[in-house]
Structures are given as C-alpha cells and as structure tokens.
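Right, one structure below, let's go through it.
Laboratory data are not the source of any read-out in this text; all were calculated from the coordinates shown. No experiment lies behind these values; they were computed from the predicted model shown. Cβ placement follows ideal geometry from the backbone for every residue including glycine, while neighbour counts extend to all protein chains displayed.
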Amino acid sequence: MRKMMTLLLVGLLTLPITLTASTDGEGKADASPANKHDGKVIHITTEQFKELIWDYEKNPDQWVYKGDLPCMVDFYADWCRPCKIIAPIMDELAEEYKGEIYIYKVDTDKEKEIASIFNIRSIPSLLMIPMEGKPQMATGALPKPTFVEIIDKVLLGNE
C-alpha cells in the first residue's frame, strides 16, 4: 500500500512538468508543426497542409501560399523504397537549410485528400513552393546535389 501511494504521489508531482513541457512558456499549447521547426522534417496532415501551406477549399481557383518561408513537401508512403532512400536526404537538407526553408512530409496512404488534390500517382513526389510564383512538382528519388540545386534556384532564388 505504501509503494502504491508513493508511486501515485510521484506521478502527480511529475504531471505538471509534463503539462508545462507542451506549452509555449505562456501556458498556451504549441500545436502547430511549423512552430516546432528546428531543422527537422515536419510531418503534416491534410488539415495542417490547409492551415500552413494552401487552403484549397477557401481558394480553389488561386494559389495563395500561407507560409513565411519557402518549403518543400515530400509526398511519400511508408512502404515505398525510393521514399525510404530520400528520407535521410530530407533530414540532412532540413538541418542544412534550417531557418531558410521548411521541409514537410505528407503520408499519401493516410492523407488521400491532399494526395488527390495534387494528383499524386507516383511517389516520392516533391512539391517545391517558393515564396513568390507557382509551385513546381518533381518526382522520383533524386540525388542530394539535385535537391540542393532545386532549393537554391527554385526556392531561394539563388543563381
């Protein structure tokens, strides 16, 4: 009985620590994936795509990018071998371009709506979204130097 009371007390004492770790320091929840951007690839859902990138329901006829940095969206599936090949490259790029671009991932098996909006038929498919202009699509497991070139030219506008 004494052990159980001690465990319960320890559990109650650590609960506030757990709750404050999931807030932004002012007590507000920090649920947005972009707020957690720290040089990591960000996995997003269809709803988060509409919130962070483009709300195609509100603007079905016009591309309106909602982000504050250029981004790349990697449409993938867990079973896809080429997707697994480029996953570590995406991780490296997210770290190398930290603060300059976002790299998002969308699981096409779970997020069928967004995959259908972009007519994803082959994976990996990568949507490159610059701050100005229209997004561009690339498909296949491209080598890292090609991604670097695309990021530098298309997303960052460097020549």
For this session: Report yes if some residue within segment 129-146 is under 13 Å from the mean Cα position of the chain (by Cα), in contact (Cβ under 8 Å) with a residue 40 or more places away in the chain and surrounded by 14 or more Cβ atoms within 10 Å (Cβ to Cβ); otherwise report no.
Result: yes
Exercise. With (1) crowded, with 18+ Cβ neighbours inside 10 Å; (2) closer than 14 Å to residue 151 by Cβ as the list, and residue 48 as the residue in question, which single condition is left unmet?
Worked result: (2)
For this session: Tell me, please, whether a residue that is more than 13 Å from the chain's Cα centre (by Cα), closer than 19 Å to residue 141 by Cα and not polar (S, T, N, Q) can be found in segment 64-77.
Result: yes
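Looking only at strands (runs of 3 or more DSSP E) that fall completely inside segment 49-159, which ones have 3 or more residues that are under 20 Å from residue 38 (Cβ atoms)?
Passing ranges, in order: 71-76, 102-107.
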Problem set entry | Members of segment 110-158 found to be among the small types (Gly, Ala, Ser) and closer than 19 Å to residue 83 by Cβ, listed by number | 115, 116, 122, 125, 138, 140, 141
Exercise. In this structure, is residue 105 within 20 Å of residue 48 (Cα to Cα), in contact with a His (Cβ under 6 Å, 6 or more places away or on another chain) and touching a residue at least 40 places away in the same chain (Cβ under 8 Å)?
Worked result: yes
Problem set entry | Number of positions in segment 81-92 that are surrounded by 21 or more Cβ atoms within 10 Å (Cβ to Cβ) and either in contact with an Asp or Glu (Cβ under 6 Å, 6 or more places away or on another chain) or aliphatic (A, V, I, L, M) (or both) | 2
